[in-house]
Amino acid sequence: MKKHLSVISAIFSGLIFGFGLIVAGMANPAKVLAFLDITPVWDPSLALVMGGAIAVGFVAFKIAGKRTNSFLGLPMSIPTLRAIDKNLVLGALIFGIGWGLAGICPAPAFVLFGTGSIKGIVFLISMLVGMGVFELIESRHK
Amino acid sequence: MTIDWNHFTPWSALAGGGLIGISVALLILLNGRIAGITGIIGGLFKPAKSDAAWRIAFTFGLIIAPIIWLLFGKLPEITIDANYGLLVVAGLIVGFGARLGSGCTSGHGVCGISRLSPRSIIATLAFMGTGFLTVFIARHLLG
């Protein structure tokens, strides 16, 4: 029962996330690139998307931080890693380059796929291959 | 640099951000999980894990969002200017970089900053930095 409920809540969470991206303009790569292009005129809208999301998220994590289990009785899985290591910084720097090239980050890639856009599908498949390449390299290093 | 007031959409940006925040809140408070897409998908590459169901469910929700939206009205404008070659390159870089850095805009940028995680703040500054720089180089130095 718990498992069924957690699947339903995850679908709703994903759905609301997708609606949020569409409403915010984050599902429109041209809008994302207009945010990342600060010259000569800058559309700062997407800073407000993050601001709005963080304002709500901040409260949610304050509540979550006081609990050991979720409201469905599942264990709280909150990252505990604190080290700022090479992989974190290098990976983020690399990710930003790809984000700047097409204006698409991982969550909007799935929304664009859902619109049936061929370009969205091509991006999503490439992104999943990129993730697969990472997994391959990582598994060889173990 | 001046603000592009003709294209600035503060209210829809805040509303959309608020929805994303609600989604993040639902997933952490009900499932005890972080709504970071890179981490959610990354977990699916590891077949030993038995927690695939919620990951697939969340991703399914993201994919059907535009489909359900279309039942009620038209989708707002979506323009992908990049050509296919660029999309492949960008996709490979995004996928690899986000996994190497343990997160993307959702995991680090929204969830991590909401938790005031130093790792996520550094990561967000890093990918925002190269994001701005890449667009500047592509549009103003090469374009």
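The values are calculated or read from the model by the stated rules, or taken from the named source; none is laboratory data. Owing to the predicted nature of the structure, the values given are computational and were not obtained by experimental measurement. Don't worry about glycine lacking a Cβ; one is built from the backbone with ideal geometry, like all the others, and counts go over all protein chains shown.
Considering (1) closer than 18 Å to residue A:84 by Cβ; (2) at the interface with another protein chain (Cβ under 7 Å from one of its Cβ atoms); (3) not aromatic (Phe, Trp, Tyr), the lone condition that residue B:103 does not fulfil carries the number (2).
Restricted to region A:105-141, and to residues there that are part of a helix (DSSP H, G or I) and touching a residue at least 60 places away in the same chain (Cβ under 8 Å), the residue that is farthest from the chain's Cα centre (by Cα) is A:114. Taken over region B:28-48, the criterion of being at pLDDT below 95 and not in a helix (DSSP H, G or I) is satisfied by B:46, B:47, B:48. Across region A:88-104, the qualifying residues are those that are within 15 Å of the chain's Cα centre (by Cα) and among the hydrophobic types (A, V, I, L, M, F, W, C), and the one among them that is farthest from the other protein chains (Cβ to nearest Cβ) is A:104. Only residues that are of a type outside the set (Lys, Arg), surrounded by fewer than 16 Cβ atoms within 10 Å (Cβ to Cβ) and either within 13 Å of residue B:115 (Cβ to Cβ) or touching a residue at least 24 places away in the same chain (Cβ under 8 Å) (or both) were counted across region A:59-71, and they come to 3.
Run down A:102, A:24 and say which single residue is touching a Pro at 6+ places or on another chain (Cβ under 8 Å), at pLDDT 95 or above and surrounded by 23 or more Cβ atoms within 10 Å (Cβ to Cβ).
Working: A:24 fails: touching a Pro at 6+ places or on another chain (Cβ under 8 Å).
Only one candidate passes the filter, namely A:102.
Matching residues to (1) on the phi < 0 side of the Ramachandran plot; (2) in a loop (DSSP other than H, G, I, E, B); (3) within 18 Å of the chain's Cα centre (by Cα):
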| position | (1), (2), (3) |
| --- | --- |
| A:3 | yes, no, no |
| A:22 | yes, no, yes |
| A:33 | yes, no, yes |
| A:48 | yes, no, yes |
| A:57 | yes, no, yes |
| A:67 | yes, yes, no |
| A:72 | yes, yes, no |
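Output yes when any residue across region B:127-137 is modelled with pLDDT of 95 or more, part of a loop (DSSP other than H, G, I, E, B) and more than 14 Å from the chain's Cα centre (by Cα), and no when none is. For region B:127-137, residues modelled with pLDDT of 95 or more, part of a loop (DSSP other than H, G, I, E, B) and more than 14 Å from the chain's Cα centre (by Cα): absent.
Residue A:129 meets the conditions (1) in contact with a Leu (Cβ under 9 Å, 6 or more places away or on another chain); (2) more than 7 Å from chain B (Cβ to nearest Cβ) in every case but one. The failed one is (2). Only residues that are under 30 Å from residue B:32 (Cβ atoms), at the interface with another protein chain (Cβ under 7 Å from one of its Cβ atoms) and aliphatic (A, V, I, L, M) were counted across region A:27-64, and they come to 12.
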